[in-house]
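Data first, discussion second: the structure below is written as C-alpha cells.
The values are calculated or read from the model by the stated rules, or taken from the named source; none is laboratory data. Every value quoted in this text rests on a predicted model; they were computed, and no experiment measured them. Here the Cβ is made from the backbone with ideal geometry for all residues, glycine too, and neighbour counts use every protein chain on show. Surface areas here come from the heavy atoms of the whole protein model, side chains and all, with no ligands, DNA or RNA. Shrake-Rupley method; radii C 1.70, N 1.55, O 1.52, S 1.80 Å.
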Amino acid sequence: MTSPYHAAAREKRAAERILDERNANSGGVPRGSSSSRGPQQLPLHSDPIGTEGHGHGSHHHHHPPAPKSWFPVRAGGESGRTGIHPWHFFRIVFRSSSLASRMVNVLWPVVPAAIALRYAAPHQDLAIFILAYIAMVPCANLVGFAGQNLAKKVPHVFGVLAETTFGSLVEIILFIVLIKRYSPTSSVDYTQVIRAAILGSILATMLLCLGFCFVAAGFKREETHFSEIVSEAGSGLLLTAGFGLAVPTAFYNALHGRLDTRELERKTLEISRSTAVLLIIAYLVYVFFQMRTHHGIYDAIFEADAERDDDKHKELQSHRLTLIESIIALAVGVALVTIIAIMLVDRIHFLVEERGVSDAFLGLIMIPLVEKAAEHLTAVDEAYDNQMNIALSTVLGSTLQTALFNGPLVVIVGWGMNKPMGFNFELFDLAMLILAILTVGNFLRDQKTNYLEGMLCVIVYVAIGVAAAHYPNPQELHEAFPTTGTSPAPATSGSEGGHH
C-alpha cells in the first residue's frame, strides 16, 4: 500500500507540474528557473487595487511593486498594497470571499438596529433577542473573513489553523459571557446551557456543516475524494475527544445513588477540571503535529487542493485586505461579536422562563447555529470549489478545537472564577455526540463521499434538533424527581464552587 508520505509527495509534484504548465502557456517563466524568483513574480498573483480606475492600457504593468511589508506575506495572500485605504477596505469586506458570505453582508443594517433597540426599548426582550440573533451572523462573518485574509498571508498549515482559531473566537466569547452570568440563585443554569452548547457546536459542525459540504461538492461531481491523512487523523482525534468528554459523565452516573450527592458532585468537578487540562494538552500536541513534525505532508495536500480550486482564477484576480486592514477588521468584528453576545445572553432567561425554550434546544441548536455560521459558509464554499481536503480540515479542525480547547478552556476559566463548570453532561446529549462521531467516522473511512452521505448527516442533525426541542430542562426533572436527577441543583452547585 502506498504510504501517506508518498501520496502527499505525489500530490505536491502534480501541483507543481500544473503550475509549470500554466506558466508556460501564459508566457511566464517556469517555476524552477532562477529568473522566476524575486519581486517581479508578485504582480502575477494580484493586481494592486491602487491601480484600478486609471485607464486600461499596458501601463498597468509598469507600476512599481508595492512597498515590502514588515511581515513576510505569502504570495497567495499579497494584496499589492500597504497601510489602510478606507474605500477599498469597505468594498473588499462587503464583497467578502463567496456569494453566500456576500448575501450575509446584506444583514449589516440589523446590527445598529439591534444595538439601538437595546437602549431605546430595553424591555422588548423578544425583539432584542431576534435582532441580536440575526446581527450575530454578519459580525461572525466579518471575523471569519478577516481571519481568512490573515490565514492567506502565512504558510498553508498555519493558515488553516489560524482560520479555525479566528472562526472560534465567537464561540469562546459566548462561552465566557455565559459563565460570567452564572449564579446559584439564578432561575437559569448557565453552566447547563454551556455544556449543551459545547456538544451542540460539535454536532452542528460535524453533522450539519460536513453534510452541507458533501452536498455542495456533489452538485458538480459524482464523487469527491479526500486525503486519508486528513480523515484518519481527524477521526482518531474525534474519538479521543468524545471519550475524554464522556469520562466525568460516566463517573457521575455510575456512582449516583451510591455516594453522597455533594461528595459525588465535588469529585466529578475535580475530574472535569483534570480532564480539561488533559484535553488541552492533546490539542497542543495535535497543533504541534500539524505545524512542526508533519507540516510538509499537510502543506503538500493543501497546495494540491489549492491547484484544484475551481475558482482559482477568480481568487487570483480578487482583491485582498492588507495586513493592517485584516487586523482592524478582526478587532472590529470581535468587539461587535462581544456586544451582541452580551445582548443574547441577557435575554436567555426570558426565553427559558417566558417562552418555555428548553436548555437543550437553546444550547444544542440555537447557540451553535449562530456562532458557527461564518465558519460553516467558508467550509461549504471550499467544498463547492473542489477543495475538499481544506474544507474537511476546516470542519474537523473546528470540531476538535471546540472539544479539545474551547470547551476545556471555559472549564478552566470557570475554575479561576470559582464557578462550578464541569463536564457532567446530560446522558441524551452525550449519547448523541458518541453516535454522531461513529457515524461521521464511518463516512470518512473510504476517503470519498457524495451528496447522499451529506443528506444523511443533515437528516440526523435535524432529528437531534427535534428531540432537543422536546427535551425538558434538567432543573425541572430534578424538582419533579429528586432521586433520579443527574444534574446538581443550583444551591448544591454553588457549594461545589465554594469548596474549591
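So for the stretch 158-170 (the condition being out of contact with any Leu (no Cβ under 7 Å at 6 or more places or on another chain), hydrophobic (A, V, I, L, M, F, W, C) and over 30 Å from Asn386 (Cα atoms)), does at least one residue qualify?
Taking the stretch 158-170 first, the residues out of contact with any Leu (no Cβ under 7 Å at 6 or more places or on another chain) are 158-161, 163-165, 167-170.
Remaining after also requiring hydrophobic (A, V, I, L, M, F, W, C): 158, 160-161, 169-170.
With the extra rule that they be over 30 Å from Asn386 (Cα atoms), the set shrinks to none.
Checked the stretch 158-170: no residue is out of contact with any Leu (no Cβ under 7 Å at 6 or more places or on another chain), hydrophobic (A, V, I, L, M, F, W, C) and over 30 Å from Asn386 (Cα atoms).
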Please specify each residue of the stretch 440-449 satisfying the condition of being touching a residue at least 40 places away in the same chain (Cβ under 8 Å) and open to solvent by 40 Å² or more (accessible area, probe 1.4 Å).
-> Arg445, Gln447, Lys448
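Can you find a residue in the stretch 407-425 that is within 24 Å of Phe212 (Cβ to Cβ), outside any loop (DSSP other than H, G, I, E, B) and in contact with a Ser or Thr (Cβ under 9 Å, 6 or more places away or on another chain)? Step through it out loud before you land on a result.
Initial filter on the stretch 407-425 (within 24 Å of Phe212 (Cβ to Cβ)): 407.
Then keep just the ones that are outside any loop (DSSP other than H, G, I, E, B); that gives 407.
With the extra rule that they be in contact with a Ser or Thr (Cβ under 9 Å, 6 or more places away or on another chain), the set shrinks to 407.
For the stretch 407-425, residues within 24 Å of Phe212 (Cβ to Cβ), outside any loop (DSSP other than H, G, I, E, B) and in contact with a Ser or Thr (Cβ under 9 Å, 6 or more places away or on another chain): present.
Scan Ile342, Ile328, Ile324 and give me the residue that is part of a helix (DSSP H, G or I) and over 22 Å from the mean Cα position of the chain (by Cα). Show your work before the answer.
Values: Ile342 fails: over 22 Å from the mean Cα position of the chain (by Cα); Ile328 fails: over 22 Å from the mean Cα position of the chain (by Cα).
Within the list Ile342, Ile328, Ile324, the selection yields Ile324.
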Do we find a residue being under 25 Å from Ala276 (Cα atoms), small (Gly, Ala, Ser), in contact with a Phe, Trp or Tyr (Cβ under 9 Å, 6 or more places away or on another chain) and assigned to a helix (DSSP H, G or I) anywhere in the stretch 354-365?
-> yes
Counting only helices (runs of 4 or more DSSP H) wholly inside the stretch 165-240, the ones holding at least 1 residues that are of a type outside the set (Phe, Trp, Tyr) and open to solvent by 30 Å² or more (accessible area, probe 1.4 Å) are 169-180
Given the structure, is Thr224 of a type in the set (S, T, N, Q) and at pLDDT 90 or above?
-> no
